[in-house]
Amino acid sequence: MRVELKGIKKIYHDKVVLDISSLGLEKGKIYAVLGPNGSGKTTLLKILSGIEKASEGLVHYLDMEMLQEKQIAYMPQKVYMFDLTVLENTVLGLKERKICGTEAEKLAMEALEQVGMNSFSRKKARCLSGGEAQRVALARTLALGKELVLLDEPASATDIAGVDLVEKYICCVNEKNGSTIVFTTHNPSQAARIADEVIIMSGGRVVEKGKPSMVFNSPQNQETRDFLKSWRI
Amino acid sequence: MREILNSFIEAFELIISLDKEIYGIILLTIVVTVLSTIVAAALAVPTGIIIGSSEFRAKRLLIRLINTLMGLPPVVAGLIVYLLLSRKGPLGDFALLFTPAAMVIAQVLIILPIITGITIGAVKLKVKAIRETCAGLGLGNIRTLFMLFHECRYPVMSAVMAGYGRAIAEVGAVMLVGGNIQYNTRVMTTAIVLETGKGNYDRALALGIILLALSFLVNWLLQHIQEDL
């Protein structure tokens, strides 16, 4: 077990938005976090990334190197592209890891190729469409090769062809680097395609967790059934 | 109408006359306003970025105070600097009163809250998205602040331009702390006040036209720099 959340609570303006008594994430697995809007998916990712602090409880990174060496990468739901070229945006995090020059550019170009954005490398990132920017943001995050990768709706604005590339790249990074990947999605089909386990959230709580086939075919919880009702898997 | 036309002719004559006094006034105006803008920007931009991107208890109070000071009457700023620099004041030993340095200090005091306030506003709009993105990529605090400046550079330049505009148009403070001394602390605005007082409306208006042209020139230059950034 690499990451363990115990008694995590996040309170905004006297309202509990996240309440997780216990949740464990194993090394090298892909987790899909599903749930309706406002169920606490983004807050969970932000707390895991360390961007936000929990009001109560602890996140244990059992391999302590993870925090000390900044082994966490996070892609926010609202993608922000810096006023730089696509390539400059992609090498930004690599430079911080002391990977510079041609080596950084090579890694960045490889990542961009994986998401089908290599031909845009010299373009201004601000000129990209929402879906294109999302793919660049994914390449920028996954190129870092971190141990724990947190992706908040990584393909929500991407077209069908793009979604296929994004999913393949997530699986590729997971296999190649052995990264633990946690991504949020509203799409159970996507979760079923690439996740080892799904985490269903509702009202800030984890209501169900398990293999996609198990959770989607025989949900144990009414809230999971309600969420899945509108989807055909 | 005739008076305005005469003023334009006189302004043109003043420029081509190579009048030493006029050119001295123009030069001093440029030196004082540009210097005060540079000093104020060097202090205000980092301060604005730090206040805008940080969370601390008195933040809202501080921003309200800065916003209030954005409308600080120049005469009040001039009076404060006058009292500080006067012979009996705490900084009297430096003998800066009625020198261009005192004028720069007064103008810095006036435009500092303007540049800081506008910078804070620009940073507040983008800080959340930039900080999340930088944190997600593992960028350190200094690099995050640099990225924040990079992303806010256009509104920050506008803030500096607004500060410069305030400095070049200002008359009350420089009159108080500079004293409008001929060949020493007389700038365009104080010269206009003097000429108007003497009833030389044509000359006052001509100086006004030169001041406007000067302001346009510096703004054009700053705009050019902004486009290159």
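The values are calculated or read from the model by the stated rules, or taken from the named source; none is laboratory data. Remember, it's a predicted structure, so these values are computed and weren't measured experimentally. Positions of Cβ are backbone-derived with ideal geometry, glycine not excepted, and every protein chain shown enters the neighbour counts.
See the values below:
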{"quantity": "Test result for residue A:14, touching a His at 6+ places or on another chain (Cβ under 9 Å) and either of a type outside the set (A, V, I, L, M, F, W, C) or at positive phi (or both)", "calculated": "no"}
{"quantity": "The range A:83-96: number of residues that are within 20 Å of the chain's Cα centre (by Cα) and not β-branched (Val, Ile, Thr)", "calculated": "4"}
{"quantity": "Members of the range A:78-105 found to be surrounded by fewer than 20 Cβ atoms within 10 Å (Cβ to Cβ), modelled with pLDDT of 95 or more and among the polar types (S, T, N, Q), listed by number", "calculated": "A:85"}
{"quantity": "Residue among A:178, A:145, A:203 that alone is touching a helix residue (DSSP H, G or I) at 6+ places or on another chain (Cβ under 6 Å), closer than 24 Å to residue A:3 by Cα and at pLDDT below 95", "calculated": "A:145"}
{"quantity": "Filtered residues of the range A:5-60 (kept if basic (Lys, Arg), over 28 Å from residue A:194 (Cα atoms) and assigned to a loop (DSSP other than H, G, I, E, B))", "calculated": "A:53"}
{"quantity": "Selected residue [polar (S, T, N, Q) and within 14 Å of chain A (Cβ to nearest Cβ)] from B:99, B:116, B:133", "calculated": "B:133"}
{"quantity": "Residue in the range B:63-96 that is surrounded by the most Cβ atoms within 10 Å (Cβ to Cβ), counting only those that are touching a Gly at 6+ places or on another chain (Cβ under 8 Å) and not in a helix (DSSP H, G or I)", "calculated": "B:70"}
{"quantity": "Residue A:159, sole failed condition from (1) away from every other protein chain (no Cβ under 13 Å); (2) free of Cβ contacts under 8 Å to residues at least 40 places away in the same chain; (3) more than 28 Å from residue A:191 (Cα to Cα)", "calculated": "(3)"}
{"quantity": "Candidate set: the range A:69-89, residues that are within 10 Å of chain B (Cβ to nearest Cβ) and among the polar types (S, T, N, Q); chosen: the one farthest from residue A:150 (Cα to Cα)", "calculated": "A:89"}
{"quantity": "Some residue of the range B:112-123 being within 20 Å of residue B:172 (Cα to Cα), modelled with pLDDT of 95 or more, crowded, with 18+ Cβ neighbours inside 10 Å and not β-branched (Val, Ile, Thr)", "calculated": "yes"}
{"quantity": "Positions within the range A:84-123 being aliphatic (A, V, I, L, M) and in a helix (DSSP H, G or I), in sequence order", "calculated": "A:86, A:87, A:91, A:92, A:94, A:104, A:107, A:108, A:109, A:111, A:112"}
{"quantity": "Hits in the range B:144-183 (condition: within 14 Å of chain A (Cβ to nearest Cβ) and farther than 16 Å from residue A:51 by Cβ)", "calculated": "B:145, B:146, B:149, B:150, B:151, B:152, B:153, B:154, B:155, B:156, B:157"}
{"quantity": "Of all residues in the range A:134-153 being at the interface with chain B (Cβ under 10 Å from one of its Cβ atoms) and farther than 17 Å from residue A:71 by Cβ, the one that is farthest from the chain's Cα centre (by Cα)", "calculated": "A:137"}
{"quantity": "Count of the range A:90-123 residues which are away from chain B (no Cβ under 14 Å), within 23 Å of residue B:142 (Cβ to Cβ) and of a type in the set (Lys, Arg)", "calculated": "0"}
{"quantity": "In the range B:145-188, the residues that are among the β-branched types (Val, Ile, Thr) and either crowded, with 21+ Cβ neighbours inside 10 Å or at pLDDT below 90 (or both)", "calculated": "B:156, B:160, B:168, B:174, B:177, B:185, B:187"}
{"quantity": "Filter result (surrounded by fewer than 17 Cβ atoms within 10 Å (Cβ to Cβ), over 24 Å from residue B:142 (Cβ atoms) and either in contact with a helix residue (DSSP H, G or I) (Cβ under 8 Å, 6 or more places away or on another chain) or of a type in the set (Asp, Glu) (or both)) within the range B:32-62", "calculated": "B:34"}
{"quantity": "The one condition in (1) away from chain A (no Cβ under 14 Å); (2) touching a residue at least 60 places away in the same chain (Cβ under 8 Å) that residue B:122 fails to fulfil", "calculated": "(1)"}
{"quantity": "Extreme residue, surrounded by the fewest Cβ atoms within 10 Å (Cβ to Cβ), among residues of the range A:111-154 that are touching a residue at least 60 places away in the same chain (Cβ under 8 Å) and among the hydrophobic types (A, V, I, L, M, F, W, C)", "calculated": "A:148"}
{"quantity": "Members of the range A:46-62 that are within 13 Å of chain B (Cβ to nearest Cβ), of a type outside the set (A, V, I, L, M) and at negative phi", "calculated": "A:46, A:49, A:52, A:53"}
